[in-house]
Structures are given as structure tokens and as C-alpha cells.
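What follows is a single structure, written as C-alpha cells, with notes after it.
Just so you know, all these numbers are worked out from the coordinates, no wet-lab data involved. On a predicted model such as this, the values are computed, not experimentally measured, just so you know. We place every Cβ from the backbone using ideal geometry, glycine too, and count neighbours over all the protein chains shown.
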2 protein chains.
Amino acid sequence: MPLLFERMAVAGVGLIGGSLALAARRAGLVREVVGHGRSAANLDVALGAGVVDRVEVDPGDAVAGADLVVLAVPVGACAALAERMRPRARAGAVLTDVGSVKAGVVAALERRWQAVGPVVGGHPLAGSEASGAGAARADLFTGRRCILTPTATTPPAAVARMRALWEGVGARVEEMAAEVHDDILARVSHLPHLVAYALVGATAGARTEDGRRVLDYAASGFLDTTRIAASRAELWRDIALANATALAGALAEFRAALERLEHLVAGGDGAGLEEALEDAAAARRALGGRR
Amino acid sequence: MPLLFERMAVAGVGLIGGSLALAARRAGLVREVVGHGRSAANLDVALGAGVVDRVEVDPGDAVAGADLVVLAVPVGACAALAERMRPRARAGAVLTDVGSVKAGVVAALERRWQAVGPVVGGHPLAGSEASGAGAARADLFTGRRCILTPTATTPPAAVARMRALWEGVGARVEEMAAEVHDDILARVSHLPHLVAYALVGATAGARTEDGRRVLDYAASGFLDTTRIAASRAELWRDIALANATALAGALAEFRAALERLEHLVAGGDGAGLEEALEDAAAARRALGGRR
């Protein structure tokens, strides 16, 4: 594949940032990857595993000479990090991110990067509860969606380069407005995370009257339903706060659906309950297994 | 292993009933298994796959001569089925079930079976969204918990035989009061199922303003969290109705935990939100992966 960028600086060499670095280098899409992050131990792992070519602990040193800067840090940290990088950034450098919330983050990045170069918001739908450079995999994005959210002022050439990068690491790229992205993700990702955290939170300390720990009886259903509650709290704190409005809407829809089921149970309406459950079951079966 | 029962009649040759039949025959715990069910097609599958020795479409024919009768049907169908079986049941035959709700079901079975023999309520924690005789597996119960809920009047010898049967197919057997079982299962199983159905129900018909189908963007997090919403609606209708009181308590606890997270998000309380999410994440990580 053709070389797209000479030097890619990746801030946050974790599951997403590290996997992008690995995949882009292996595919020959970038000549060099510079890793940056807060944790020296994680940067050592990244360097040792060949995820990046070199590491820099100072954000300015990390972006010097880079023609692509990837922010793969919690969404709440993106704007301040771009601010610190800006003085040393190479003119024309493309700035992108991989965060699960786009509208507010992209607007904040555009304000900070306007004197430097283009900003292209991005979000690969390839999360997991795993984290750190040790979790990076070159095939993480194979067949996964990656959503780009260009704004009215994003240069089409920059969008095209980012599309080529993500397609080059195997992703299916789609463009949409940041606000549409945030509404969708609130429903298929942010809401389920909050629900999973609440399920564990409600159950974690519970004991029976005779002293048994309720969670000792969790079987595969509970474990699957709450797997994403093992995700890093810092990431999901930032996502929930950054997408609070859309998330509130999704929560209201969920609460209404749950209350409808509760009323059918409380009223002993077996036929109505079975119909509601079967409608949901049919929709879920149509989605199939893992992606 | 020693022979425990001469003839086991299994009503409902699906995932649980079929797996118990397969495992008990292979382990030499029963000499013969008679399968019974509503679906002739499913009974054909069970017979063809060697899950049972023979099938009977009439419940009376199914239990004739059996010294163990296993009800592996939706919990709402158990009492009526026992009623239909009773006239043909062999004196002293042990009646058991595998349902996810125990108190009401066991009481109803004891009333109907008191002139025949002992009733031992049971519940192997080994469900799945799969169903039908084709899903039966001889190793389904290996290492899984099986809870027995004897009452004040259950003969200890009958409990011992059922313990030997479940241990013989690989389960870890534990006894507890039916009410304790129902409180626990409401929290680690029935609540997560209702939540998963509600998550899918709230999202299934949603489209964005520009016409995209929201569920098309569901990735592994949503799929794991809602996997159990593909379960048979009829089973979960019965479970929710039979355990309505404990389930209402579990729902109230869950709603309180979710509202606490919502308030932290709405109030922009990043520190409080991170702490609540991290507490849940730590509890979830301690549970590990699949069981």
C-alpha cells in the first residue's frame, strides 16, 4: 500500500492507539511511529513489543516533525493535550482522534489546531474492556466500522487521507455528522456501559439474609451482560460527561422500555409480556453474534 | 458410577432437559430415559441424536414406570403438567424440576405430588440463549452450580439421590431455601435478562434524523450486553411472573444505582462518577470471565 504519512505521533499507546500504530506500520502506511503517553511503564511495553519506533514523554517532542497526530487518550484529555502540542506541531499536520464522542471534542480540537492544519474526527468501533499497549493487535480493526466526522471546514483531502489510513488497516469507513454519531453511540454503546456499571453496582455488595454473597451465583448471563463494566472508569467518565445530553435521551428511552416490562410483570399480563420479550428477542437474534 | 434410577422421564427435551438426559445416560446414572414434549419435531431430533431412548407424546405414557420425573419446561407449565402426569405416576417416583424460580413452583408441585412421592426442587445454573434438543451437551453441567431447594417435608433420602445425580453429571451441588434462591436469582439472572430485553427494545426501532438504523452500529459491547435478550420469550415471561416480588426488589435496587450514575453525569461530577464506575469495574474484574 502507498505511504500515507511520514511520521505518525500517537498520544495514548493503549488498545486503540497501539493497535493503529501496529497495523499502520505493518501495512506500510506510515514510515515511523512516535509513541507518547503518561505512563513510562506502558511506553516501555509499547517499545518492547514493537508497537512504536520510539517514545517521547514530552508532548511537544512527540509531535515535532509529525505529519499525523493521533489522540488516543480519554476524550476529556484531548483538548488540553492538543493545546500543549500546538507550539511544536509541524505546519499542515493532520490532527485526528479516536474518541467515542465527537461533536464537542472535534469543535474543541478545531479551535486549538486552526493555525496548524486540518482536524478529522474519527471513531473506530472496536473497543474492548482490555487496555494498555500489551492489548494492541494489528488485526483489531479488520472488518470493523470506523466513523469519520468531518465538519463544514474540514479539507476533503485530509478526510481522504484518513479514510485511506483506516481502510488500509482493514476498517470499513463511513462519514457522518458528529451529532448523528453521538446520538447513535449514546444508544448502542454509552447507555449499555452505564447500564452494565449500574447492574454490577446494584449487586456488588448484596448478601442474602443467611449471609451468602449474591455475586457468587453470577453465571454466564450476568457475566456477558456486565463484561463491559470492567472497562476503564476514566474513559467512561469522560465519555458520559462529554455526551451527557444524548446519553440522557438514551437513558429516558431505556427507562421507558424497562418500565413497560415492569408494568406487564406487575399486572400479570403474560400475553403482553411474552409479546414484548419476543419482539426484543427477534431483534437481538437478527443482530447475530460477536462482531 | 452406581445406577441411581431405573427410568428417568424428562418432560421438555431442550437445552437443560436434553443435556441432563445425555449426561446421566453416559455416566450410567440411569438405565433408560423417556423423552416427552409438545414438539414432535424436537422429540425426533432428541431421538435421532441419542439424547433419549424413546419418546412419548402423552405425559401419562411418559411417566409410566419412571422412578424419576424431571420437569424441564417453562416454570409456568410445571404444575399443570404434574397434574396430568399424576394418575399414571409410579408410587414413590421422585419429581424434580430445573426451573429458575423455586418457592412457588415447588409448593405447587408438592401439593400435586403428595400422594405419589417426594418433590425435590432443583436449578442448575447453566443456561444459555440456545434452545432445543439440538443444543443438548453432555458436558453442560461440568463445574456449574446446581442448587437444590428441599422443604421441611422433603425426605433426606430423595435429596441425597438428586444430589448424587447432579454431582454425577459434574455439577457442584448446594442446598438452600427456595426463597433465598429466588432472591439471589432475581438479582444475578432475572434482572439482567429484563434489562437486556429493555436495552434491545429501546433501541430496536430507533433511527437517526438522517435515516440510519441505530442498531446497525451495535458493536461487541452491545452484543455481549444483550446476548441473553435472544433467549426464549416464553421461558422468561414465566420466570418474571413467577418471581415478580423478588424481581421488583431487584429492579428497584438497579434503578437506584442507575439514577445515582445519571445524577453524577447530569451534575458534571467527574470525581464522583469515576469513583462509582471504578467501584463497579473492580467488582466486575474480580468475577473474571465466563463460567
Points 7 angstrom from Cα along the Cβ direction at B:Glu275 and B:Arg88: gap in nanometres?
6.5
For B:Tyr217, B:Tyr197, ascending order of other Cβ atoms within 10 Å (fewest first) is B:Tyr217, B:Tyr197
B:Gln114 and A:Asp61 label points (each 7 Å along its Cα→Cβ direction) are spaced in nm at 8.3
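Would you kindly work out the equivalent ellipsoid of the protein assembly as shown from its C-alpha gyration tensor and give its semi-axes, the square roots of five times the eigenvalues, largest first in whole Å?
Details: eigenvalues 573, 104, 84 Å².
After diagonalising the Cα gyration tensor, the semi-axes are 54, 23, 20 Å.
I need the trypsin sites (Lys or Arg not before Pro) found in region B:47-92, filtered to DSSP loop residues with at most 16 other beta carbons within 10 Å of theirs.
On the way: sites: B:Arg54, B:Arg84, B:Arg88, B:Arg90; in loops: B:Arg90.
Passing both the DSSP loop test and the Cβ count: no residue.
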In nm, give the distance between the simple-model label positions of A:Thr153 and B:Thr245, each being 7 Å from the Cα along the Cα-to-Cβ direction.
6.4
Karplus ³J(HN,Hα) for region B:201-213 (6.51 cos²θ - 1.76 cosθ + 1.60, θ = phi - 60°; Hz, whole; x = Gly/Pro) runs x, 6, 9, 4, x, 6, 10, 7, 4, 9, x, 6, 7
Shortest first, in nm, what separates the label point of A:Gly272 from those of the same position in the other copies (7 Å along Cα→Cβ)?
3.5
Return A:Met85, B:Met176 ranked ascending by Cβ neighbour count within 10 Å, so the fewest neighbours appear first.
B:Met176, A:Met85
Taking square-rooted eigenvalues a ≥ b ≥ c of the alpha carbon gyration tensor, is region B:1-146 rounded, prolate or oblate, where a/c under 1.5 means rounded and, failing that, a/b exceeding b/c means prolate?
rounded
Can you tell me the Rg and Dmax of region A:155-253, counting just the alpha carbons, in angstroms?
18.7, 66
The residues A:His36, A:His123, sorted from fewest to most surrounding Cβ atoms within 10 Å, come out as A:His123, A:His36
Rounded to whole Hz, the Karplus (6.51, -1.76, 1.60) HN-Hα couplings of region B:54-65, x for glycine and proline
7, 10, 9, 8, 9, x, x, 4, 5, 8, 4, x
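Net charge within 11 Å of A:Glu32 by Cβ-Cβ distance, Lys/Arg positive one each and Asp/Glu negative one each, not counting A:Glu32 itself?
Values: positive: A:Arg7, A:Arg25, A:Arg31, A:Arg54; negative: A:Glu6, A:Asp53, A:Asp67.
Once all neighbours under 11 Å are counted, the net charge is +1.
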